[in-house]
Amino acid sequence: MKGWMGKSKALFLFTMLALFLAGCGKENLTALEPKGYGAERSMDLIILTTLIMIGVFLVVMVIYVIALIKFRRKKGQEDYIPKQIEGNHKLETIWTVIPIILVLIIAVPTVIATFDLADESQASTSLNVEVTGNQYWWHFNYEDEEIVTSQDLYIPAGERVYLNMQSSDVIHSFWVPSISGKMDVNPENVNTMFLEAYEEGVYWGKCAELCGPSHSLMDFKVIVVSPEEFDQWVSDMQNVDPEQVPEGAVAQQGQALFEANNCMACHAIGSSPVATGPNLTNFGDRSTVAGILEPTKENLVEWIVDPESIKPGNKMTGAYPSISEEEANSIAEYLMQLKPSEITPESAGN
Ligand code: HEC
Ligand SMILES: [Cu+2]
């Protein structure tokens, strides 16, 4: 006789399920494949609590099945009521104490990990980056190095990097699942956390606190490079000449249009305190346009002509008179030339 489902059908369903679950863990955007200290500590706790829960489930199921079989009403037995055990002190004590012990087994390592991840004792001797969350982009200020950038956060592998985070508007949350846990980014106080990434690579970051219509598009990347490459990147960024004349007539016209259209009111090139829009010093090296689009010229033109269609509610829409596609093309030609470093998301493995 055929079962309720043919073998091939079952295999198909199983394959689909495996594919579906595999989609849950996008590489470089998953807490389940930790690539950093904070993520690893979280993973240890996930494993511990899951094992305890599976254990509890199995014990309860075994007792349940035994009770089901052993205490069935036998044939011929009328009005059978099992022995009543309410108020049994021994049993009551046992099933109160066991859960308390289980909760303690979970709580103690959780509290230890929480304090460990809040440790700021190495902050004064480590790299510090001031992070500002904005609707819907991230600003990174390396104060001691006098470097400002946005969207792509560069850090050296194997070192603790302290992030001092604040918001310029509403509450955001900074989350790079592969490297560490989340941290709220508030308008009224500075929260500090550290990232310690083990391996070089490009890791995906997300805003994890609903902050407006484009909240789900508030992505960023953490670019982890070797310490030597990081030093190189820092010196490349420090040596940028914001006045440099771009190559080619189209790009030069683009630079003039960039200046004429009010773009510089919000966008700085070079280290500058202007922070109403992303700093564009290394825009040509970015892994994305506006945090979410592939870094192509077409996408950049689309963004400049109509940012609203890409990120609803963003703070650039309507800030300048309308720009034709041709003008946007010249500006794009100019912005794509802002490539101060050989150390890029691509060289780090994007
Ligand atoms: C009122 C301030 C303001 C003005 C003026 C402005 N922008 Fe923006 N711009 C922003 C903001 C804010 C963002 C980030 C939007 C987001 O991601 O939510 C942005 C994003 C961008 C980005 C993407 C940056 C990145 O790191 O991916 C580019 C490129 C850009 N703007 C170009 C321009 C150009 C060109 C002009 C002039 C025609 C201009 N902007 C005028 C505020 C402004
Ligand atoms: Cu946000």
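A compact table of results
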item	result
Of the GluC sites (Glu not before Pro) in region 313-350, those whose Cβ has at most 15 other Cβ within 10 Å and which sit in DSSP loop	342, 346
Residue-by-residue Karplus 3J(HN,Hα) for region 45-54, coefficients 6.51, -1.76, 1.60, Hz, glycine and proline x	5, 4, 5, 4, 5, 5, 4, 5, 5, 5
HN-Hα J in Hz across region 67-83 - Karplus 6.51, -1.76, 1.60, θ = phi - 60°, x for Gly and Pro	4, 4, 7, 5, 9, 5, 6, 7, 4, x, 7, 9, 6, 7, 10, x, 4
Region 102-146: GluC sites (Glu not before Pro) falling in loop per DSSP and having at most 14 other Cβ within 10 Å	120, 143, 146
Under 19 Å from the residue 92 label point (7 Å along Cα→beta-carbon), backbone N, region 39-83	83
Antiparallel DSSP beta bridges within region 57-214, percent to nearest 5	75 percent
Cα gyration tensor, region 249-335 - rounded (a/c under 1.5), prolate or oblate	rounded
Cross-link pairs 182/206; 206/339; 35/339; 297/339; 35/206; 35/221 - those with Cα-Cα distance over 18 Å	206/339; 35/339
Sparse-neighbour loop sites [trypsin sites (Lys or Arg not before Pro); region 17-86; at most 14 other C-beta within 10 Å; DSSP]	26, 72, 73, 74, 75, 83
Farthest positive-ward along the chain dipole, Cα basis, beta-carbon charges - from 265, 300, 234	300
Positive dipole terminus of the chain, leading residue within 149, 322, 171 (C-beta point charges)	171
Dipole magnitude (debye, nearest 20) for region 249-335, charges at Cβ of Lys, Arg, Asp, Glu	360 debye
Dipole magnitude of the chain, debye to nearest 20 (Cβ charges: Lys/Arg +1, Asp/Glu -1, about Cα centre)	3500 debye
With 10 Å bins from 0: P(r) over the chain, alpha-carbon pairs, percent	5, 19, 25, 18, 12, 9, 6, 4, 2, 0, 0
Residue 30 - accessible surface, heavy atoms, 1.4 Å probe, Å² rounded to 10	10 Å²
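The values are calculated or read from the model by the stated rules, or taken from the named source; none is laboratory data. In this text, all values refer to a predicted model and were calculated from it rather than measured experimentally. Backbone-built Cβ (ideal geometry, glycine too); neighbour counts: all protein chains shown. Heads up: the accessible areas ignore ligands, DNA and RNA and are worked out on the full protein's heavy atoms, side chains in. Shrake-Rupley method; radii C 1.70, N 1.55, O 1.52, S 1.80 Å.
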